[in-house]
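What follows is a single structure, written as structure tokens, with notes after it.
The values are calculated or read from the model by the stated rules, or taken from the named source; none is laboratory data. A quick note: this is a predicted structure, and the numbers were derived from the prediction, not measured. With ideal geometry, Cβ positions are generated from the backbone for all residues, glycine too; neighbour counts draw on all protein chains shown. With ligands, DNA and RNA removed, areas are computed over all heavy atoms of the protein, side chains included. Shrake-Rupley method; radii C 1.70, N 1.55, O 1.52, S 1.80 Å.
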Amino acid sequence: MPVPWFLLSLALGRSPVVLSLERLVGPQDATHCSPGLSCRLWDSDILCLPGDIVPAPGPVLAPTHLQTELVLRCQKETDCDLCLRVAVHLAVHASLQAQVVLSFQAYPTARCVLLEVQVPAALVQFGQSVGSVVYDCFEAALGSEVRIWSYTQPRYEKELNHTQQLPDCRGLEVWNSIPSCWALPWLNVSADGDNVHLVLNVSEEQHFGLSLYWNQVQGPPKPRWHKNLTGPQIITLNHTDLVPCLCIQVWPLEPDSVRTNICPFREDPRAHQNLWQAARLQLLTLQSWLLDAPCSLPAEAALCWRAPGGDPCQPLVPPLSWENVTVDKVLEFPLLKGHPNLCVQVNSSEKLQLQECLWADSLGPLKDDVLLLETRGPQDNRSLCALEPSGCTSLPSKASTRAARLGEYLLQDLQSGQCLQLWDDDLGALWACPMDKYIHKRWALVWLACLLFAAALSLILLLKKDHAKGWLRLLKQDVRSGAAARGRAALLLYSADDSGFERLVGALASALCQLPLRVAVDLWSRRELSAQGPVAWFHAQRRQTLQEGGVVVLLFSPGAVALCSEWLQDGVSGPGAHGPHDAFRASLSCVLPDFLQGRAPGSYVGACFDRLLHPDAVPALFRTVPVFTLPSQLPDFLGALQQPRAPRSGRLQERAEQVSRALQPALDSYFHPPGTPAPGRGVGPGAGPGAGDGT
């Protein structure tokens, strides 16, 4: 008995090597097969429904190999279209059925056709090739990328797949046989210093479309710019707009015209440099994050530990490992807790390309903690070492490093539960142990010695009455200069409109901590806030800040404005309007009296973010103090945060730029969430004479 009729399924979608260009005459599709086999093509297309894999009832035909070849389908000698021939090699297996489908998909075309193949019983040899069936042919657009799958229906095994890149008119020696190539705009790319010129040599009467897009390995292309043009054109691109996946598509404005695609910047070093400059790391939850970039790129990521003081971030490999990174795909690290000193390093070609401390925005600035690495062996054996710039110091140790000197205390803190566990598995664990209390003890001895010295000096000076006034004057100046060195206290109040705005506030607070400011914000004091309650916590923070000559910063947002307006109207906020940790809501009970009684100027400043809120939207009562927009008015904002009698620092502009750089990633993440292009990353329409609004 012959093997049953066989339905073979091929899908064409999108890119390998161009073979010879044979000419086929006539518009009709056709099929032929190896000697001894019989095959025919169904008259009409069918639905592309491969179905689930099911068990095979017995010996059936199975596709074993796909082969493609470019051919020309010609109506006349000079009237041809590019076409793709597909050959499917077949064998008899015990895991595939029999009937054959061809499913084609090449943007913007998709179709499925049905072939039937029958194998005589004399040719049936289990596991051996019985020949092939050839389909002529699938017409695809010049320059398109085609992906092919072959599977049976019903489907008994995973489908075969193959990818082929079709040439455009410039890649064909027979372009003069294809009418759509005759009027195709010819595109050249040239460099001029920092600029790149797209030169289109066409006649003055020729109308054509030009599109710039980011080609994606996964998913559809991301359009960047599109315009319909006439006649010869020179489009100028700035070198900062170039990324490896930036492609150009050109086509005549005629029905069924062929589109030419070119991606000229794949190997451009400047484009690869721009790609990494545009890449951003986005923290989504405690454990999950993603890499946002215009193009796909080969990269791997790992966690590292960054200690205060400017030392390099030390990769935590081992005990953790490098993970492959896919752009715009959510990744996870097996963390139990976050820590501001934990950072993510992204490497490509064994070179560090990107490093960001993702948890610092929400958990505050870097802490002077020591990271302990616990290694677990067989029979419950374990060892501990402290990560330091010189390496990992075993504990206990007689080395002269800081961790070795404090090793006994660190081990006691670990056993008493004072260290924070960040990661844990069968091979080991990571612990963050605070060091500030040991530093405080050391400084307490220093201060005690200073006080004894000051007391002795006071006694000597008091004995010399003539010098007493001068000594008091010097002492007052020393106290003032010491307070300035410590930095002015700043209490940051805001309304928790959403989690994205909270991350933006955390980024601002972290940036301000890099300046001579001591910043307090409820984001970094969740435990105290929960224990004391929002009202008590805020009153204590406000009193301490104002007593020390500090400043209270009211950060206005739409939610904060609505809450202020509600208080001004009713004198009380509606229950449940905001979250349980919202100190801004609790703060209004004593902030408002300061404003109503005229005590706010000099102790309060207001701020809001550009594009989120206009200063005029802030209630008039709160505009009795300066209200700054950020980051456009950062220099003035930082000037207002300085000590009242402090001289205007010449480094104010430099510090404003430092804060702006630290704040920009958080602003991009808030106003342009992952998956939406941020301003400045794409090709600007104003880049050249051909630029303009898309049509």
Worksheet, complete the sentence: For L422, the residues 5 or more places away or on another chain with a placed amide H closer than 5 Å to its own amide H are L430, W431, A432
Worksheet item: How far, in nm, would the chain grow between A540 and L420 when pulled straight, counting 0.36 nm per residue and subtracting the alpha carbon separation?
Response: 40.5 nm
Fill in: Prolate/oblate/rounded label for the stretch 306-430 (Cα gyration tensor, a/c 1.5)
prolate
Discussion item. Highest mean first, how do 309-318, 654-663, 334-343 rank when packing is the count of other Cβ atoms within 10 Å averaged over residues?
Written reply: 334-343, 654-663, 309-318
Worksheet item: Say a paramagnetic label sat at a point 7 Å from the Cα of A191, along Cα to Cβ; which residues of the stretch 254-279 have their backbone N under 16 Å from it?
Response: 264-275
Item to complete: Hey, can you find the accessible area per residue of the stretch 286-352 for me, probe 1.4 Å, expressed in square angstrom?
Response: 45
Worksheet entry | Approximate spin-label separation L284-C392, in nm, with each point projected 7 Å along Cα-to-Cβ | 3.0
Worksheet item: Using the beta-carbon distance between S400 and D311 and R0 = 22 Å, what value does 1/(1 + (r/R0)^6) give for FRET efficiency, to the nearest 0.05?
Response: 0.80
Fill in: Under-5 Å amide H pairs with S495, H placed in peptide plane, nonlocal only
S557, A560
Fill in: Label-point gap, in nm, between D610 and K222 - each point 7 angstrom along Cα→Cβ
2.2
